[in-house]
Amino acid sequence: MSPFESGRRLCLLVEAGETRYAVEATSVMEVAMPGGNGSNLRGVLEVKDLAALLGGAPEPDAGMVVVLDVSPTLAVRVRSVVEVADVARAPFFLLPPGLADSLAPLSRGAVLHKDRLYLELIAEALPHRVGPRSTPAPPRPVHWAESVPERALVFESQGRLFGVPLAFVSQVVARGEAFSVLPVQSGPVAGIFPHAQVLWPICSVPALLGTPPAPEPFFLLAELAGRHVGLTATRVLGVLQRFEPDETAGTFRVPGLAEPVLFLDLQRMFS
């Protein structure tokens, strides 16, 4: 929960790219409409695209300009300005392990306001020019399950059936507005999701196999190797049992399903 239990803490809440951000109001000098083609403010300040500065694609439209009180002064273009809000008592989440290494220089964590998650930016740490994206984490080695428990939750993701041992699954939830994508999607992590006072990294199982993550309506919340991890799903088929090995490594057949179910050794891959 929020460490700011007294007083006011005003933040400017904005959207840039597919991500929502919070910036402390004390770091904001001005919010204005961009001039001309959106590349400058009153012909004085060059406007940089916030999504592009953070490694994503630039905004297709002019949007709004936020002038930040940093040295040198930085004017950034955002897709929209949501509001100025007092987030002193809003739930605040630290970044989950694994994400903190790449986002910690730019973010203090994330704040949940009106059921929407905002990644809190450190204005002084924002880059002033578009540079190379951070080096992505090396892909996790793929380990196939050699055996499956008697019962497992089977789900579909990007057209394939996958299974997770039921003992690892805590809950299935709808994606909802609280989910937030990251500025740059690379590797298996599709975004972050607040649940039970913890910020969960949401991963795509197909992305563990090399396919880019895709938006999906459900998350399977699981504990893997002592970590809270969510897995994206298009649909959940339910809890099934009596799996039998198929011809391909990691695949198993189960009564009632025409297609084989693929099991990864997720405990080993996330350890």
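Taken over the range 11-48, the criterion of being part of a strand (DSSP E or B), open to solvent by less than 20 Å² (accessible area, probe 1.4 Å) and in contact (Cβ under 8 Å) with a residue 40 or more places away in the chain is satisfied by Cys11, Leu12, Leu13, Val14, Ala16, Thr19, Tyr21, Ala22, Val23.
Remark: pairs (first residue in the range 154-169, without any contact (Cβ under 8 Å) to a residue 12 or more places away in the chain; second residue open to solvent by less than 30 Å² (accessible area, probe 1.4 Å) and of a type in the set (D, E, K, R); Cβ separation under 6 Å; 6+ apart in sequence or on different chains) are absent. Scanning the range 235-271 for residues that are in contact with a Lys or Arg (Cβ under 9 Å, 6 or more places away or on another chain) and of a type in the set (Val, Ile, Thr) yields a count of 3. Applying the set (1) modelled with pLDDT under 80; (2) open to solvent by less than 100 Å² (accessible area, probe 1.4 Å) to Val142 leaves exactly one unmet item: (1).
Could you go through the range 49-71 and let me know if any residue there is on the phi > 0 side of the Ramachandran plot and assigned to a strand (DSSP E or B). No.
Let's see how each residue does on (1) exposed (fewer than 15 other Cβ atoms within 10 Å of the Cβ); (2) closer than 30 Å to Glu247 by Cα; (3) of a type in the set (S, T, N, Q):
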| position | (1), (2), (3) |
| --- | --- |
| Ala88 | no, no, no |
| Ala104 | yes, no, no |
| Leu117 | no, no, no |
| Ile122 | no, no, no |
| Phe155 | no, yes, no |
| Gly163 | no, yes, no |
| Ala167 | yes, yes, no |
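Kindly indicate whether any position in the range 200-220 is under 16 Å from the mean Cα position of the chain (by Cα), outside any strand (DSSP E or B) and on the phi > 0 side of the Ramachandran plot. No, the conditions are met nowhere in the range 200-220. Condition check for Thr248 on (1) touching a residue at least 40 places away in the same chain (Cβ under 8 Å); (2) open to solvent by 60 Å² or more (accessible area, probe 1.4 Å); (3) over 16 Å from Phe155 (Cα atoms): one failure, at (1).
The values are calculated or read from the model by the stated rules, or taken from the named source; none is laboratory data. In this text, all values refer to a predicted model and were calculated from it rather than measured experimentally. Neighbour counts are summed over all protein chains in view; Cβ atoms, including those assigned to glycine, are modelled from backbone coordinates with ideal geometry. To get the accessible areas, we keep the full protein, side chains included, count just its heavy atoms, and leave off ligands, DNA and RNA. Shrake-Rupley method; radii C 1.70, N 1.55, O 1.52, S 1.80 Å.
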